[in-house]
1. What number, rounded to the nearest 500 deg cm²/dmol, is the helix-based mean residue ellipticity at 222 nm of the chain, given -39500 (n - 2.57) per DSSP H run of at least four residues and division by all its residues?
2. Give, as a single signed number, the net charge of other residues whose beta carbon lies under 14 Å from the beta carbon of Asn89, with Lys and Arg counted +1 and Asp and Glu -1.
3. With the crude spin-label approximation of a point 7 Å out along Cα→Cβ, what separation in nm comes out for Gln141 versus Lys44?
4. Using the structure shown, list the pairs from Lys93/Lys147; Lys72/Lys168; Lys72/Lys180 with a Cα-Cα distance above 32 Å, or answer none.
5. I'd like the orientation of helix 137-155 relative to the chain: the angle between its Cα long axis and the longest Cα principal axis, in ° from 0 to 90, rounded to 10.
6. Between Arg14 and Arg125, what is the label-to-label distance in nm when each label sits 7 Å out along the Cα-to-Cβ direction?
7. To make sure I understand, if each residue's beta carbon is the centre and we count other beta carbons within 10 Å, what order do Leu121, Leu28 fall in, fewest to most?
8. Quick one: helix 118-131 against the long Cα principal axis of the chain, what's the angle to the nearest 10°, folded into 0 to 90?
Amino acid sequence: MSTAITATQVNDLRAQTGAGLMDCKRALVETNGDIEAAITILRKKGAASAAKRADREAKEGLIESYIHVGGKVGVIIEVNCETDFVARNDDFKDLVRNLGMHIAAANPLYVTRDQVPEADLAAERDIASAQVAGKPPAAVQKIVEGKIEKFYSTIVLLDQPYVKVPEKSIKEILTEAIAKTGENIQVRRFTRYQLGS
């Protein structure tokens, strides 16, 4: 027996996810009205649609500056999208500003993992291996890989937990924005300035 889905449920789900009305209704019908399960379905769908859009060229976008309260930390960030229509959208502008604020707070060094120099990665592996010396080899490998994942989450923007919603990574925040706008969105580059450094 299926549960009747109300317009209020659909609107609540839409407010939480930013997904389209029909997508929200289908997800609620599929999950028999379970909001959390519907959110999971929509997140998976958003990740799949983001993956499809990843190859599309993103030449429009914004360059935004963010100066943190007190004027001691500043960020300049470039975020690209496919059309100027999306670039002028208030949600996109908020995303770019929030990413600048996140960079000011979390101090990542790189946008993606492939930008991390191999020498830095090798040095981090050596340190992690030395810290677990004497443990069984299978355990050493798992512990070292875990430490490398943690290393990535401290220096790579897309791997960092979002400062406003720590249970989501920056990559998940971008995936949700891609699903909402229907366009490829990429953080192209950023520079973080700190007074005295």
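A short reminder: the numbers here are calculations on the coordinates, not readings from a lab. What you see is a predicted model; the values in this text were computed from it and never measured. Neighbour counts are summed over all protein chains in view; Cβ atoms, including those assigned to glycine, are modelled from backbone coordinates with ideal geometry.
1. Values: 8 runs with 106 residues, N = 197.
Value at 222 nm, helices only, nearest 500: -17000 deg cm²/dmol.
2. Numbers: positive: Arg88, Lys93, Arg97, Lys180; negative: Glu60, Glu64, Glu82, Asp84, Asp90, Asp91, Asp94, Glu183.
Charge balance in the 14 Å sphere: -4.
3. 3.0
4. Numbers: Lys93/Lys147 35 Å; Lys72/Lys168 27 Å; Lys72/Lys180 34 Å.
Too far apart for the 32 Å limit: Lys93/Lys147; Lys72/Lys180.
5. So the inclination is approximately 70 degrees.
6. For Arg14 paired with Arg125, the spin-label model returns 5.0 nm.
7. Details: Leu121 14, Leu28 23.
If I rank by nearby Cβ atoms, fewest first, I get Leu121, Leu28.
8. With rounding to tens, the tilt is 80 degrees.
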